[in-house]
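Have a look at the structure below, then the notes.
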Amino acid sequence: METSSSTEDLMRLLHEGALGDVVRGDGLLPPFPEYLARLCGEREVARERVIQRAGIERSYGHQLFNGTRRPSRDKVIQLALGLQLDLKETQDLLKVARQGQLVPQVKRDAAILYCVIHNLDISQVQSLLENFNMHMLGSKVSKEAT
């Protein structure tokens, strides 16, 4: 993933007191729908196929691709699985979606990381999460359960 400025460049600007330059640079991360379209193009895979492999309801998936809906963290992870992204690409997709990246210190994240690293598909991921009594991707969970 290419951004117009690296983290180091942005930190340097902040240390120099150039907050305005950093804040005005809203285009540092590409728009999520544009980034998804680019990934589909690079992989030569249709949106419809990605949505199907991600286990996302068809019309909702198209809303994510069109930018009319903002994806939750779980939906971004499902899209990464549907795109068959590797670990770095998955973390980049989460960053572009402005969602928290996966961290192995969080048990559910560790399970998802394992699935991404080992190229498991959505049904395998959901099964693994269920086997470890963790809420499945895209499922509603109460505050007490988190």
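The values are calculated or read from the model by the stated rules, or taken from the named source; none is laboratory data. What you see is a predicted model; the values in this text were computed from it and never measured. FYI the Cβ positions are ideal-geometry reconstructions off the backbone, even for glycines, and counts take in every protein chain you see.
Observations
- For segment 46-93, a tally of residues being touching a Phe, Trp or Tyr at 6+ places or on another chain (Cβ under 6 Å) and closer than 18 Å to Leu120 by Cα returns 0.
- Answer residue from segment 23-32, given it is surrounded by fewer than 16 Cβ atoms within 10 Å (Cβ to Cβ) and assigned to a helix (DSSP H, G or I) and is modelled with the highest pLDDT among those: Leu28
- Taken over segment 54-70, the criterion of being surrounded by 13 or more Cβ atoms within 10 Å (Cβ to Cβ) and over 15 Å from the mean Cα position of the chain (by Cα) is satisfied by Tyr60, His62, Gln63.
- The residues on offer are Glu89, Glu34, and the sole one that is free of Cβ contacts under 8 Å to residues at least 24 places away in the same chain and either among the acidic types (Asp, Glu) or in contact with a His (Cβ under 7 Å, 6 or more places away or on another chain) (or both) is Glu34.
- Every listed requirement among (1) touching a helix residue (DSSP H, G or I) at 6+ places or on another chain (Cβ under 6 Å); (2) more than 22 Å from His118 (Cα to Cα); (3) buried (at least 20 other Cβ atoms within 10 Å of the Cβ) is met by Tyr35 save one, (3).
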